[in-house]
Amino acid sequence: MATLTVPHPVPPVGDDCDHLHKAFQGWGTNEEAIISILAHRNTSQRSLIRQTYVETYGEDLLKALDSELSSDFGRAVHLWTLHPAERDALLAHEAVRKNTTNAYYVLLEIACARSSRELFQARENYHARFKKSLEEDVAYHTTGDFRKLLVPLVSAFRYDGAEVNMALANSEAKILHEKICEKAYKDEEIIRILTTRSKAQLNATLNHYKDQFGNDINKDLKTDPKEDYLALLRSTIKCLICPEKYFEKVVRFSVKGLGTDEEALTRVIVSRAEVDMKRVMEHYYKRNSVPLETDIKGDTSGDYEGMLLALIGHHNA
């Protein structure tokens, strides 16, 4: 995983814990202190803070935060403080319990936008925390075509290397085109290719598809824009091949129009801040002609706004 850019020098972990503990004391909570520390520490530093905090004060930092903070700000801080694999396990568990079409996209993101190792670690954390496997919960809480796609997606352990078999890319591009021409969108061959091939191999296959047949595959899958399964299939492809474009769209939909989808906005910013937030922001500006920071300021307020802005301000290259 890419690491968060952190200002130097970082204070000793004991100082961070002391300042956090003091932020919880007295009549009110010092939210600014919490943001100034946690939003500027990378994954390993936050893990060390959690470990040192419980050793020093005999209390779990997450429990302390949860007792002091609430609403969207509290959730953003909680999700950010978790290790990414813990966070993914929690988000996946919430998604399978909701069992809605929107929740399926959370599962899709975890399955498609993580490395094979990261997805495996999320599954391990799911085992440890919920005493079940992610695969069995996804299978139990979904049905029909959604189950056929989502179970192999969350179960995958794709090859992460750059090697590509061009002959295979060519032959599987033809298979995909043949099935799409037949409108056999739920065919097991489409699902097999999308849920097992490496991202590099898939990228080569979809480039062959466009070169041979003239369209991006997602354009050919837009025959029925309102069909939920096809929308999920298109999103699977986009998230696997170009996650920054996928996440730009999620963020755009979360802030545009009436109201704000704080759940989606928080999830994307927290999960991508240490990965590809800079590229997400570049795509956002290119697509909307407005910086993401401006739209966050327009749609959020208070400490929640401060936390999100701190996270997007400390993205990696």
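The values are calculated or read from the model by the stated rules, or taken from the named source; none is laboratory data. Source: prediction; values computed, not measured. Positions of Cβ are generated from backbone atoms using ideal geometry, with glycine treated the same way; all protein chains shown enter the neighbour counts. Just the protein is used for accessible areas: all its heavy atoms, side chains included, with ligands, DNA and RNA removed. Shrake-Rupley method; radii C 1.70, N 1.55, O 1.52, S 1.80 Å.
General observations
- Against the chain, whose longest principal axis comes from its Cα atoms, helix 302-312 is set at around 60 degrees.
- Gap separating the Cα centres of region 118-196 and region 17-40, nearest whole Å: 42 Å
- Note on the chain: semi-axes of the ellipsoid equivalent to its C-alpha gyration tensor, largest first and rounded to whole Å, are 38, 21, 18.
- Sites W27 and E263 - FRET efficiency at Förster radius 45 Å, r taken between beta-carbons, to 0.05: 0.90
- In terms of distances greater than 22 angstrom between alpha carbons, the cross-link table entries K98/K199; K199/K219; K256/K278; K22/K297 yield K98/K199; K22/K297.
- Taken along the Cα-to-beta-carbon direction at a fixed 7 Å, the label points for N288 and N218 span 1.7 nm.
- Efficiency of FRET between A162 and S71 - r from beta-carbon atoms, R0 41 angstrom, step 0.05: 0.40
- Annotation: for a label point projected 7 angstrom from Cα along Cα→Cβ of A139, residues of region 195-237 with backbone N closer than 18 Å are 195-196.
- Contour excess over end-to-end distance, with Cα ends at R97 and N203 and 0.36 nm allotted per residue: 34.9 nm
- Accessible surface of the chain [probe 1.4 Å, protein heavy atoms]: carbon and sulfur percent: 51 percent
- Report summary: the helix-based calculation at 222 nm, which adds -39500 (n - 2.57) for every DSSP H run with n ≥ 4 and divides by the residues of the chain, gives -22000 deg cm²/dmol.
- With all protein chains in place and ligands, DNA and RNA left out, the 1.4 Å accessible area ranks W27, W80 as W27, W80, largest first.
- Shown for the chain: cysteine residues without a partner Cβ closer than 4.7 Å, namely C17, C181, C242.
- Cα→Cβ-extended label distance, 7 Å offset, between K226 and N170, nm: 4.2 nm
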